[in-house]
Amino acid sequence: MPDMIGAEAPSADVRVRPMRRRGFLAAAGAVSAAPFIIRSARAADNTIVLGSSLPLSGPAAPTGITTQRTINHALEVINEKGIMIGGTKYTMVVQHYDNKYVPAEAVTVVEKMLSDGVRYLFSSGSGNSVPVVEKTTELKCVQLSAASGKDHLTNPKYPFSFRVQPCNETAYAVYPWIKTTYPEVKRIANIGPSDEAGFTETADRRMLAKKYGFTSGANEFFKRGALDFYPVATRLAEDKPDLIDFGGTIGRDQGLAVKALRELGYKGKILLGYSDAQSFVQIATPEAAEGTILFDTLAEPQNDSEKQLHDWWIAKYGPPMPSFAYLMWDWPFMLAQAIQDAGSIDTTKVADSLRKVQYHGLFGLERFGMKSVYGLDCSLTRDIPMSVIKNGKPAPLDVVNWPVGV
């Protein structure tokens with residue numbers, strides 16, 4: 001597993017209190033709770049509570065469940081050594097709550113956690129993360145989001161808000177790669193959900209398409225969780241693009257949309273990410289999914305650290321290893337390192353420390369950057385693994401280096 005100075009990786013529902021020697025309960029245990037039944041976020045002494053808001057049901061459940069399991073294991077590893085602050089060992093505990101990828105539910109969950117004192121929060125999904133950032137900022141809660149949302153989520157007004165997964169930001173690396181790797185691609189169409197993720201992802205991708213000399217084609221939006229993608233797919237197919245970028249589309253929506261496109265005769269390239277590749281193939285069907293390009297997707301282990309995580313997953317849950325787990329592994333270790341480097345659980349000091357962390361994780365050197373885009377270093381930057389669906393399974397395609405100066 002990746003090294004971290006003195007510790008390894010945290011978990012989700014974070015509030016810190018000194019721990020009495022009588023011990024603490026439930027170190028890295030996951031709590032799948034209904035959003036209106038919030039277990040107490042109060043922790044024993046010397047524990048840090050990380051609050052976690054993620055989709056454990058609904059169309060995005062595969063990524064949410066994968067994230068839950070990955071965070072839990074990262075915390076187990078971190079807590080073996082602990083986080084050392086002034087000679088005192090701290091451990092991190094996580095509590096997960098199901099936001100169902102419904103913003104109203106996510107807001108309720110987060111508000112209750114914040115009122116109970118949580119000051120470290122993991123949030124999955126832009127529609128769930130953007131609506132709470134004003135409140136987390138006001139309370140100086142470090143918000144770590146796997147989300148799009150562009151500067152609605154990260155800008156100098158929100159110094160406690162960080163992106164722990166490149167989302168729309170991946171396009172800054174991937175679009176120049178498409179230009180050189182697939183010179184036959186001239187026209188790019190876009191599809192995305194009609195929400196914060198879809199709008200902001202599409203805006204960035206169309207901006208970058210223009211920058212790199214592509215022609216922008218159709219631009220379609222759909223209601224997240226839709227079951228009938230044929231009207232949208234018909235308009236996209238009629239546009240005859242060389243590539244369709246799925247932007248902020250996730251979960252079941254990806255498979256249904258790709259299936260509809262192929263049934264309607266679209267034969268061009270498809271680009272998507274944020275995917276549990278196996279679930280995507282099952283929904284789209286192997287025939288329809290064939291040739292789909294997966295951005296920020298690791299098809300199979302490429303180094304010892306990735307293999308260790310893979311082998312742990314297979315031993316614990318059985319095959320296949322969901323590719324999304326790799327993307328959720330490193331950030332808890334970065335948080336733990338930032339807390340230890342700060343020598344404090346004070347969130348202002350930890351936020352400052354996070355901007356300075358240089359972490360060698362699964363994908364090599366990782367750090368929070370993108371000041372050139374967001375006005376401060378707040379978004380995770382690292383190399384981007386690319387995969388492609390071959391014979392019904394993801395296969396390695398390339399690794400795109402993070403662009404210099406972004």
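Take segment 103-112 and flag every residue that is more than 22 Å from residue 70 (Cα to Cα) and surrounded by 19 or more Cβ atoms within 10 Å (Cβ to Cβ).
Residues of segment 103-112 more than 22 Å from residue 70 (Cα to Cα): 103-105, 107-108, 111-112.
Residues satisfying the conditions are 103, 105.
Here is a yes/no grid of residues against (1) open to solvent by less than 10 Å² (accessible area, probe 1.4 Å); (2) touching a residue at least 40 places away in the same chain (Cβ under 8 Å):
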residue	(1), (2)
172	no, yes
201	yes, yes
233	yes, no
249	yes, yes
265	no, no
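Among (1) buried (at least 17 other Cβ atoms within 10 Å of the Cβ); (2) farther than 20 Å from residue 275 by Cβ; (3) not basic (Lys, Arg), where does residue 191 come up short?
That leaves (2) as the condition not met.
Among the listed residues 80, 76, which satisfies the condition of being under 26 Å from residue 276 (Cβ atoms), of a type in the set (Asp, Glu) and either touching a Ser or Thr at 6+ places or on another chain (Cβ under 8 Å) or open to solvent by 20 Å² or more (accessible area, probe 1.4 Å) (or both)? Talk me through it step by step, then tell me what you get.
On the way: 80 fails: under 26 Å from residue 276 (Cβ atoms).
Only one candidate qualifies: 76.
Report every pair of residues separated by at least 6 positions or lying on different chains whose Cβ atoms are under 7 Å apart, first residue within segment 96-114 and in contact (Cβ under 8 Å) with a residue 24 or more places away in the chain, second open to solvent by 10 Å² or more (accessible area, probe 1.4 Å) and of a type in the set (Phe, Trp, Tyr).
108/36
In this structure, is residue 302 open to solvent by 10 Å² or more (accessible area, probe 1.4 Å) and within 23 Å of residue 79 (Cβ to Cβ)?
For residue 302, the condition - open to solvent by 10 Å² or more (accessible area, probe 1.4 Å) and within 23 Å of residue 79 (Cβ to Cβ) - is not met.
Restricting the search to segment 240-267, which residues are farther than 20 Å from residue 147 by Cα and aromatic (Phe, Trp, Tyr)?
266
Suppose we filter 283, 270, 293, 250 for residues that are in contact with a helix residue (DSSP H, G or I) (Cβ under 8 Å, 6 or more places away or on another chain) and over 16 Å from residue 65 (Cβ atoms); which single one remains?
Result: 270 is the single residue among 283, 270, 293, 250 that is in contact with a helix residue (DSSP H, G or I) (Cβ under 8 Å, 6 or more places away or on another chain) and over 16 Å from residue 65 (Cβ atoms).
Look through segment 195-226, keep the residues that are within 19 Å of the chain's Cα centre (by Cα) and polar (S, T, N, Q), and return whichever of them is nearest to residue 270 (Cα to Cα).
Step by step, filter segment 195-226, then rank; the result is 202.
Please go through (1) among the small types (Gly, Ala, Ser); (2) open to solvent by 10 Å² or more (accessible area, probe 1.4 Å); (3) in contact with a strand residue (DSSP E or B) (Cβ under 9 Å, 6 or more places away or on another chain) for residue 115 and return the number of the only condition it doesn't satisfy.
(3)
Given the structure, is residue 320 outside any strand (DSSP E or B), open to solvent by 10 Å² or more (accessible area, probe 1.4 Å), of a type outside the set (A, V, I, L, M) and closer than 28 Å to residue 200 by Cα?
Working: outside any strand (DSSP E or B): yes; open to solvent by 10 Å² or more (accessible area, probe 1.4 Å): yes; of a type outside the set (A, V, I, L, M): yes; closer than 28 Å to residue 200 by Cα: no.
It is false that residue 320 is outside any strand (DSSP E or B), open to solvent by 10 Å² or more (accessible area, probe 1.4 Å), of a type outside the set (A, V, I, L, M) and closer than 28 Å to residue 200 by Cα.
The values are calculated or read from the model by the stated rules, or taken from the named source; none is laboratory data. Owing to the predicted nature of the structure, the values given are computational and were not obtained by experimental measurement. With ideal geometry, Cβ positions are generated from the backbone for all residues, glycine too; neighbour counts draw on all protein chains shown. The accessibility values were calculated without ligands, DNA or RNA, using every heavy atom of the protein model including side chains. Shrake-Rupley method; radii C 1.70, N 1.55, O 1.52, S 1.80 Å.
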